[in-house]
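Scroll down for the structure; my scribbles are underneath it.
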Amino acid sequence: MAAFRDIEEVSQGLLSLLGANRAEAQQRRLLGRHEQVVERLLETQDGAEQQLREILTMEKEVAQSLLNAKEQVHQGGVELQQLEAGLQEAGEEDTHLKASLLYPFLLGGQLVRLVSNPQPQVICPGWPPKVLGSRDPPTSASQVAGTTGLCHGGNSKLRNGGVILAPLGLFLFS
């Protein structure tokens, strides 16, 4: 019986050694997996850092591009203002030229007032008006409208003594 007890003790010892070996093997496997996970995490971290550097570079490029675009828009606005000012000056010059061609008998000051005032005007020339009789046919727009003389004292109807001018925009064509 003592032999059976000895065999039983040896069996128990062998079983405990086998259990320890299994635990050790399992621990080795877990450590191997842990190393793999750590390697993957390090690779992921390296990849994320590289992507962040690329994103930062792209952000800098986009910011520079936006600054360049803003500067171009500003320069375009300045050029547009210059072009608009030039266009307005050319339009005013064109209006003055058309007016001087259409109304060559006007003096400089009268022409400037005519161009700057959009209301119809009666311009009185230096010669006296012809007095209308009841039998004379109307020959001017002022006679048809019944405009009394605004020139030479205002006591006569205008007939060839004044010229009624409409606003320039009505007769000047671009």
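Descriptive notes on the structure:
- Residue among ILE55, GLN36, VAL73 farthest towards the positive dipole end of the range 1-73, charges placed on Cβ: GLN36
- Label separation (GLU49 vs GLU84): 5.4 nm, computed from points 7 Å beyond Cα along the C-beta direction.
- The range 1-73 - Rg over Rh from alpha carbon coordinates, Kirkwood radius: 1.73
- Taking a sphere under 14 Å around the Cβ of LEU41 and counting the other residues whose Cβ falls inside, with K and R at +1 and D and E at -1, yields a net charge of -3.
- Once both labels are positioned 7 Å from their Cα atoms along Cα-to-Cβ, the gap between MET58 and SER16 label points is 6.3 nm.
- Distance in nm between pseudo-label sites at ARG40 and GLU9 (7 Å out along the Cβ direction from Cα): 4.9
- Counting charges near GLN64 (Lys, Arg +1; Asp, Glu -1) among other residues having Cβ under 14 Å from its Cβ returns a value of -1.
Values quoted throughout were computed directly from the atomic coordinates according to the rules given, and no laboratory measurement underlies them. Keep in mind the model is a prediction, meaning the values are calculated, not measured. Positions of Cβ are backbone-derived with ideal geometry, glycine not excepted, and every protein chain shown enters the neighbour counts.
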